[in-house]
1. What residues have an amide H closer than 5 Å to that of His160, excluding those fewer than 5 places away on the same chain, when H is modeled at 1.01 Å from N in the peptide plane?
2. Working out 0.36 nm times the residue gap between Lys173 and Asp228, then minus their Cα-Cα distance, what length gain in nm do you get to one decimal?
3. Farthest toward the dipole's positive end in the chain, which of Thr235, Ala265, Leu206, given Cβ charges of +1 (Lys, Arg) and -1 (Asp, Glu) about the Cα centre?
4. Could you work out Rg/(2.2 N^0.38 Å) for the range 38-133, with Rg from alpha carbons only?
5. Read through the labelled values (1) 62, 47, 40; (2) 92, 47, 36; (3) 64, 55, 44 and report the label of the one computed as Cα extents along the principal axes in Å from the structure.
6. Choose one of Thr225, Gly324, Ala72: the residue whose Cα lies farthest towards the positive end of the charge dipole of the chain (beta-carbon charges +1 Lys, Arg; -1 Asp, Glu; about the Cα centre).
7. Step through the residues of the range 63-75 one at a time and calculate ³J(HN,Hα) from phi using the Karplus curve (6.51 cos²θ - 1.76 cosθ + 1.60, θ = phi - 60°), rounding each to whole Hz and writing x for Gly and Pro.
8. Could you derive backbone 3J(HN,Hα) for the range 99-104 from the dihedral phi with the Karplus parameters 6.51, -1.76 and 1.60 (θ = phi - 60°), listing whole Hz in sequence and x where the residue is Gly or Pro?
Amino acid sequence: MTTPTAEVILPSRDFDATLAFFRETLGFRLDAIHPADDPAIASLSGYGLRLRLDRDAEGPPPALRIVSADPAALLDGAREVTAPNGAAVTVVEADPPLDLPPLDQRLTVCRMNGGDDGGGWGVGRAGMLYRDLIPEREGGRFIASHIRIPDGGPVPDNVHFHKIRFQMIYNYKGWVRLVYEDQGEPFVMGPGDCVLQPPEIRHRVLECSDGLEVIEIGCPAEHMTLLDHDLPLPTGRHLPERDFGGQRFVLHRAGEAGWAPADLAGFEARDLGIAAATGGLAEVAVLRQASEDIDVTTRHAGEFLFHFVLDGGMSLAVDGGEAGDLAAGDCFTLPKDMPFRIGAASGPLELLRVRLS
């Protein structure tokens with residue numbers, strides 16, 4: 001039985017010139033042509049695509065995007081050209097370098113109850129609820145999302161990976177079952193657990209509990225997600241030291257971690273092991289109130305500083321002004337060199353802190 005195929009129809013009134021362009025300039029293979037005495041239809045294949053040039057077809061000029069490991073080898077180094085039938089042809093790199101937008105740091109306070117400073121929920125892929133924690137996204141450099149799945153069960157996910165510089169997932173509430181490339185069998189993450197997803201590690205979300213909530217932070221804000229249809233997970237290997245783009249996979253277990261004095265007065269810290277796994281690019285910790293009275297002023301001099309209130313409450317004062325009281329589910333992002341003061345802690349207060357130097 002012949003496998004069904006599909007062709008993209010390209011109107012080609014200037015048939016002979018268009019056929020020559022796709023064969024000789026772009027390197028498509030001619031598979032069929034008819035009628036013999038006055039060719040008007042040709043089937044071509046190349047770059048994983050089948051085309052049907054049709055002299056009598058109607059429609060607007062098409063657009064064609066060719067992905068190549070060596071774009072300079074096509075079109076004499078040009079990246080854009082117009083075919084005789086009007087088709088706009090663009091040649092792009094198959095694996096372009098990661099594009100980091102210029103950093104635009106600013107103060108952002110996002111509250112669970114929404115209001116003037118945002119915090120509302122929207123429906124994302126697969127019915128998941130998303131809350132954008134940094135709406136202006138530091139100029140496109142960072143994204144932070146509070147993700148909720150109200151109804152648990154199997155998650156309709158595929159093996160995939162991300163073209164990213166940094167990405168982590170902190171499990172806030174509920175549980176989720178995942179599997180990662182070369183990291184052994186599927187495992188369950190519970191409250192307080194965290195994973196560092198190094199660049200391009202293949203992974204898949206399998207199932208979750210009702211009311212799952214996670215905090216996900218990535219850089220850059222807009223990054224490509226690609227499906228891997230060929231790699232089965234689990235791979236049957238456990239290679240915890242494997243390098244993925246200069247980083248190692250991390251699975252932090254909250255129940256197995258210890259606490260130590262934090263670098264912020266009045267707090268103790270649970271380090272999530274991400275600084276060592278990223279070569280110092282990022283540091284992630286949970287800060288827990290260790291003193292009855294919290295009144296500390298500090299600032300940072302790095303690329304990114306984000307706090308999410310996991311439990312309790314606090315007041316935030318920024319650069320001499322009041323940002324207000326914050327409760328569980330609220331968060332704030334601060335530009336470098338802006339003094340900020342944490343006070344009136346209650347609960348006790350517990351914060352997730354993510355910073356990039």
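The values are calculated or read from the model by the stated rules, or taken from the named source; none is laboratory data. Because the structure is predicted, anything quoted here is derived from the model rather than measured. Here the Cβ is made from the backbone with ideal geometry for all residues, glycine too, and neighbour counts use every protein chain on show. For accessibility, only protein heavy atoms count, side chains too; no ligands or nucleic acids. Shrake-Rupley method; radii C 1.70, N 1.55, O 1.52, S 1.80 Å.
1. HN-HN under 5 Å from His160: His203, Asp228.
2. Working: separation 55, 0.36 × 55 = 19.80 nm, distance 2.89 nm.
Gain in length upon complete extension: 16.9 nm.
3. So the residue furthest toward the plus end is Thr235.
4. Details: Rg = 22.7 Å, N = 96, 2.2 N^0.38 = 12.5 Å.
Taking N as the residue count of the range 38-133, the ratio is 1.82.
5. It is the one labelled (2).
6. Ranked along the dipole, the leading option is Thr225.
7. Each residue of the range 63-75 in turn: 10, 10, 10, 9, 9, 9, 6, 9, x, 5, 6, 9, 6 Hz.
8. Using θ = phi - 60°, the values come out as 9, 9, x, x, 6, 10 Hz.
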